[in-house]
Amino acid sequence: MPRRVLGIDPGSRKTGYGVVEQSGNVLRHIDNGVIIVDVRESMSMRLRQIYEGLQDVIRDLKPDEVAIETVFLGKNVSSALKLGQARGAAMVVAANHNLSVREFSPMEVKRSVAGTGKAQKHQVQEMVKILLGLPEIAQEDASDALAVAISSCMFRDLPEMLQQSQMKKKRRRS
């Protein structure tokens, strides 16, 4: 049965989203875009704009789950805090729709999409284009969100596969 994953690349100015449908090993692009908030507004109003924008995306595209990128801790603490707040708004929207949320670090996203955690942004964007058969590279924030959704598809069965592997090892030892 196909499942839809909403990937979110949160930001306090722009929040990217991308929806991918997975049927077995086949990935299909459903939609992507960017929620641009009014930076002249207070942070609370910007968070509301993110919330309402994602609310519309979930209502229209009906994902089965949400994948979101974790906070990258850089040198600017203020930016990291704002990013965390944007992530929180996105997670609350998902929770209000009873959608599970999976989190992925930037390195996990790069590794699952481009094969290495040290991939450059343009390499990841090109791989997203190839994996989803897009005619062109999506806008940067939307492309990042699609990469997060693809990561969730790639990692979906990983915990179960690891558990089965551990059980096989135990059986061999006995």
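Bear in mind that the values in this text are calculations on the coordinates, not laboratory data. Nothing here was measured: the structure is a model prediction, and the numbers come from that model. Counting neighbours? That spans all protein chains shown, and the Cβs are built from the backbone with ideal geometry, glycine included.
Packing-based ranking of 141-147, 131-137, 83-89 yields 141-147, 83-89, 131-137, ordered from highest to lowest mean Cβ neighbour count within 10 Å.
When only Cα pairs under 8 Å and 6 or more residues apart are kept, what is the percent relative contact order across the chain? Write out the running numbers ahead of the final one.
Details: 305 pairs, mean separation 49.6, N = 174.
With pairs under 8 Å counted, the relative contact order is 29 percent.
Here is the list for segment 23-60: trypsin sites (Lys or Arg not before Pro) lying in DSSP coil, each with at most 10 other C-beta atoms within 10 angstrom of its C-beta, are R40. Shape class for segment 24-86, computed from the alpha carbon gyration tensor (a ≥ b ≥ c): oblate, with a/c not under 1.5 and a/b at or below b/c.
Select from S143, G53, C153 the residue farthest towards the positive end of the dipole of segment 3-173; place +1 on Cβ of Lys and Arg, -1 on Cβ of Asp and Glu, and compute about the Cα centre. Of S143, G53, C153, it is C153. For T116 and S42, the FRET efficiency from 1/(1 + (r/R0)^6), where r spans their Cβ atoms and R0 equals 35 Å, is about 0.30. Panel order for S152, S112, S78, by other beta carbons found within 10 Å of each beta carbon, from fewest to most: S78, S112, S152.
Charges were assigned to the Cβ only: +1 to each Lys and Arg, -1 to each Asp and Glu. The resulting dipole of segment 1-50 about its Cα centre is roughly 80 debye. Assuming R0 = 35 Å, what is the FRET efficiency of N96 and I130, from their Cβ-Cβ distance, to the nearest 0.05? Efficiency for this residue pair is about 0.55.
Taking the Cβ of I68 as the center, what net charge do the other residues with Cβ under 9 Å away carry, scoring Lys and Arg +1 and Asp and Glu -1?
Around I68, the charge tally is -1.
With Cα atoms defining each centre, segment 58-133 and segment 3-52 are spaced 9 Å apart in the structure. Placing +1 on each Lys and Arg Cβ and -1 on each Asp and Glu Cβ, with no other charges, gives the chain a dipole about its Cα centre of roughly 1040 debye.
Helix screen, the chain: DSSP H segments with Cα axial length of 18 Å or more and mean Kyte-Doolittle hydropathy at least 0.0 are 77-96, 140-155. Which is farthest toward the positive dipole end of segment 3-173 among N98, A80, G117, measuring Cα position about the Cα centre, with Cβ charges +1 (Lys, Arg) and -1 (Asp, Glu)? After comparing all options, I get G117.
Would you tally the net charge around L47, using a Cβ to Cβ cut-off of less than 14 Å, leaving L47 out, and scoring K and R as +1, D and E as -1? Once positives and negatives cancel, what remains is +3.
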